Amino acid sequence: MIAGRTDGAGSGRAVRGKFITLEGIDGAGKSSHVAWIAEWLAERGRRVLVTREPGGTPLGEQLRALLLGEPMDLRTETLLVFAARQEHLAKRILPALARGEWVLCDRFTDATFAYQGGGRGLPLAAVEALERWVHEAFQPDLTLYFDLPIAVARERLAAAQAAPDRFEQEGAEFFERVRAAYLARVARDPHRIRIVDATPCLSEVKKQVEDILITFCG
Ligand code: TMP
């Protein structure tokens, strides 16, 4: 068993780790930052679990393949996203945090508010109800939201030349709604969700993220 940092006074209990999520529209480039952030945290003594949504467990990855490839009803889509999330929380995220590990997760429930809520028009009350059921009191400690204009994101996606999935195939209006929903989440919870301007080059974006992490880690 890996030793966790302890909460002092000889209790031996691991201090709960921190839960950090990355968010942004497709093409924002957030996934390019996962590996160096994990390394940055590890260099500072944190044990880090890197994971993603939808996915993160064998079942979750199967659900991801369906979600990204198979046309489906919006409620089905939303329920599958939360089914994958429940599995992820129960099997990986919560146990890792309890062991004192830090969890770095590429997307979480803010993405459901943005994509199923904002993008597809599912009433936010429905997302809130599922959120309450699956993880009411549990929220990320820090969310990095990578923001950029839709036109720039679409150029990047086109340049990547990968076959677009079911979400990436959506039009500019869809992504405008997703971005607006993300920005509404930021306005609601600016302390947790920190905006990163994802427009400049990778090294400049990295600098912004590093500044946020330095403040967060103390
Ligand atoms: P990724 O490309 O960042 O790995 O994310 C896969 C897609 O899944 C992305 O287009 C957004 C979508 N998604 C939702 O629609 N709702 C969600 O709750 C999550 C986590 C992802």
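Bridges between two residues of the chain, per DSSP, are antiparallel at a rate of about 5%.
Look at the dipole of the stretch 19-217 built from charges on Cβ: of 214, 25, 83, the Cα furthest out on the positive end belongs to 214. Considering only protein heavy atoms and a probe of 1.4 Å, how much of the accessible area of the chain is carbon and sulfur, as a whole percent? Exposed carbon and sulfur together represent 56 percent of the surface.
Less than 5 angstrom separates the built amide H of residue 146 from those of 23, 24, 196, all sequence-distant by 5 or more or on a different chain.
Residue 83 sits among other residues whose Cβ lies under 13 Å from its own Cβ, and their net charge, with Lys and Arg +1 and Asp and Glu -1, is 0.
In the stretch 48-96, the convex hull through the Cα atoms has an average projected area of 3.1 nm², a quarter of its surface area. Rolling a 1.4 Å probe over the heavy atoms of the protein chains gives the stretch 19-217 an accessible area of 46 Å² per residue.
Solvent-free Debye calculation, one equal scatterer per alpha-carbon of the chain: log10 I(q)/I(0) at 0.08, 0.10, 0.12, 0.17 Å⁻¹ equals -0.28, -0.44, -0.64, -1.30.
Comparing 153, 137, 96 in a Gaussian network model of the chain where C-alpha atoms under 10 Å apart are linked, the largest mean-square fluctuation is found at 137. The string of couplings for the stretch 104-109 from the Karplus curve (6.51, -1.76, 1.60, θ = phi - 60°) is 10, 10, 7, 6, 7, 5 Hz, one whole number per residue in order, with x for Gly and Pro. Overall, the chain carries a charge dipole of about 720 debye about its Cα centre when +1 sits on the Cβ of Lys and Arg and -1 on the Cβ of Asp and Glu, all other atoms neutral. Here the spin labels are modelled as points 7 Å beyond Cα on the Cα-Cβ line, and at residue 215 and residue 138 they lie 2.8 nm apart.
The GNM of the chain, with springs linking C-alpha atoms under 10 angstrom apart, assigns the highest mean-square fluctuation among 100, 119, 45 to 45. Residues whose amide H falls under 5 Å from that of residue 102, counting only those 5 or more places apart or on a different chain, are 18, 47, 48, 49, with hydrogens built in the peptide plane.
Given their separation in residues at 0.36 nm each and the Cα-Cα distance between them, residue 62 and residue 184 gain 40.9 nm when the chain is fully extended. Normalised by the number of residues in the chain, the average gap of Cα pairs under 8 Å and 6 or more apart makes the relative contact order 28 percent. Loop-resident GluC sites (Glu not before Pro) (DSSP state other than H, G, I, E or B) in the stretch 115-218 with no more than 12 further Cβ atoms inside 10 Å of their Cβ: 136.
Does the stretch 94-163 classify as rounded, prolate or oblate by the C-alpha gyration tensor (a ≥ b ≥ c root eigenvalues; a/c under 1.5 gives rounded; else a/b over b/c gives prolate, otherwise oblate)? Oblate, because a/c is 1.5 or more while a/b does not exceed b/c.
With all pairs of different C-alpha atoms in the average, the Kirkwood value for the hydrodynamic radius of the stretch 130-218 is 15.1 Å. Annotation for the stretch 123-218: trypsin sites (Lys or Arg not before Pro) lying in DSSP loop with at most 16 further Cβ atoms inside 10 Å of their Cβ are 166, 192.
The values are calculated or read from the model by the stated rules, or taken from the named source; none is laboratory data. Quantities reported herein were computed from a predicted structural model and do not represent experimental measurements. Counting neighbours? That spans all protein chains shown, and the Cβs are built from the backbone with ideal geometry, glycine included. What goes into the accessible areas is simple: the full protein's heavy atoms, side chains included, and nothing from ligands, DNA or RNA. Shrake-Rupley method; radii C 1.70, N 1.55, O 1.52, S 1.80 Å.
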